[in-house]
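The values are calculated or read from the model by the stated rules, or taken from the named source; none is laboratory data. Since this is a predicted model, take the numbers as computed values, not measurements. Cβ placement follows ideal geometry from the backbone for every residue including glycine, while neighbour counts extend to all protein chains displayed.
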Amino acid sequence: MPCLVGKSHVCCTRIENLSVKAGGEYILKDINLHLHCGELTAIVGRNGAGKTTFIKALLNTIPHSGNIIFEGERCAGNCGKDHTTDHDRFCTCRKRIPYTTTKPVFGYVPQTLSVEPGSPVCVEDLVFACTSKRPVWLRHRKKDIEAASEILSCTNSHQLLKRRVCDLSGGELQRVMLALAINPLPDILLLDEPVSGVDRVGLKSFYELVSSIRRDFDITILLISHDLDLVARHADRVVFINNASAVVGTVKDVYRQKDFMEVFGHIMLPDEY
């Protein structure tokens with residue numbers, strides 16, 4: 001995907017004893033997690049378990065206690081990830097970056113985008129509004145249109161440029177939103193149930209696209225999802241939030257954990273089909 005520009009400067013994110021309270025009750029308590037570059041980490045749990053609260057704490061938009069430490073692109077092999085392969089040897093974190101002094105660049109794809117039916121706003125307008133300093137109502141220059149098409153080509157959605165946003169399917173809209181979220185290339189890509197209401201074909205296509213971004217650009221991806229089957233196929237690690245605490249591990253470790261199975265039952269793993 002040569003269309004992506006920029007460089008990810010944050011390699012790994014360490015979350016230590018993260019806690020969030022509301023009304024005197026813990027929503028999250030003593031969460032410990034290490035997010036690696038080049039990995040897709042999925043957050044799962046019941047509705048209201050604290051998944052979105054976790055994202056808000058990571059973004060520093062709500063009060064919380066504990067430490068969130070962003071580490072740079074050179075970690076001297078101490079991040080806990082296997083650096084023996086050519087792909088992983090570039091994940092070597094240079095220094096600890098306190099949240100209060102350096103914030104990483106986040107890319108974000110929301111669950112939905114509210115679009116008024118019949119709105120004349122087209123995808124081209126949406127891209128310009130998000131990426132250009134020129135007012136959207138000015139005539140779009142040829143070079144700007146070409147740049148917008150290039151951004152959308154990252155997610156194979158360039159053919160949607162002239163379509164009205166209100167006419168897009170759920171899967172098409174999410175591909176457009178993903179293209180905007182990864183241009184310029186973020187340090188951490190946050191996906192908050194990005195395929196809610198999308199059909200199975202669109203789901204599969206979106207997850208495969210996200211997996212290719214993870215592989216090609218070695219960025220940290222954090223995904224909130226209720227689709228446990230697709231999480232099992234694409235996630236490197238899973239965070240199961242339950243009763244304010246978290247179980248963290250590989251898909252197999254978490255999916256076979258007692259509390260997880262009490263909530264979700266037995267979920268087939270890819271090697272069990």
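Summary table below
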{"quantity": "Segment 149-195 - residue that is touching a His at 6+ places or on another chain (Cβ under 9 Å) and assigned to a loop (DSSP other than H, G, I, E, B) and, of those, surrounded by the fewest Cβ atoms within 10 Å (Cβ to Cβ)", "calculated": "Glu193"}
{"quantity": "Options Cys79, Cys154: the member that is modelled with pLDDT under 90 and closer than 22 Å to Glu208 by Cβ", "calculated": "Cys154"}
{"quantity": "Qualifying residue in segment 58-74 (condition: at pLDDT 70 or above, in contact with a strand residue (DSSP E or B) (Cβ under 7 Å, 6 or more places away or on another chain), over 16 Å from Val239 (Cβ atoms) and acidic (Asp, Glu))", "calculated": "yes"}
{"quantity": "The listed residue being without any contact (Cβ under 8 Å) to a residue 60 or more places away in the chain and within 13 Å of the chain's Cα centre (by Cα), out of Val201, Val165, Val195", "calculated": "Val195"}
{"quantity": "Answer from His266, His234 - the residue that is buried (at least 19 other Cβ atoms within 10 Å of the Cβ) and touching a Phe, Trp or Tyr at 6+ places or on another chain (Cβ under 9 Å)", "calculated": "His234"}
{"quantity": "Close pairs (8 angstrom Cβ cut-off, 6 or more residues apart or separate chains): within 15 Å of His234 (Cβ to Cβ) and assigned to a helix (DSSP H, G or I) in segment 259-273, modelled with pLDDT of 90 or more and among the β-branched types (Val, Ile, Thr) anywhere", "calculated": "none"}
{"quantity": "Which numbered condition Val5 fails, given (1) of a type in the set (A, V, I, L, M); (2) in contact with a helix residue (DSSP H, G or I) (Cβ under 8 Å, 6 or more places away or on another chain); (3) at pLDDT below 90", "calculated": "(2)"}
{"quantity": "Residue ID - nearest to Pro186 (Cα to Cα), chosen from residues in segment 198-218 that are touching an Asp or Glu at 6+ places or on another chain (Cβ under 9 Å) and not in a loop (DSSP other than H, G, I, E, B)", "calculated": "Arg214"}
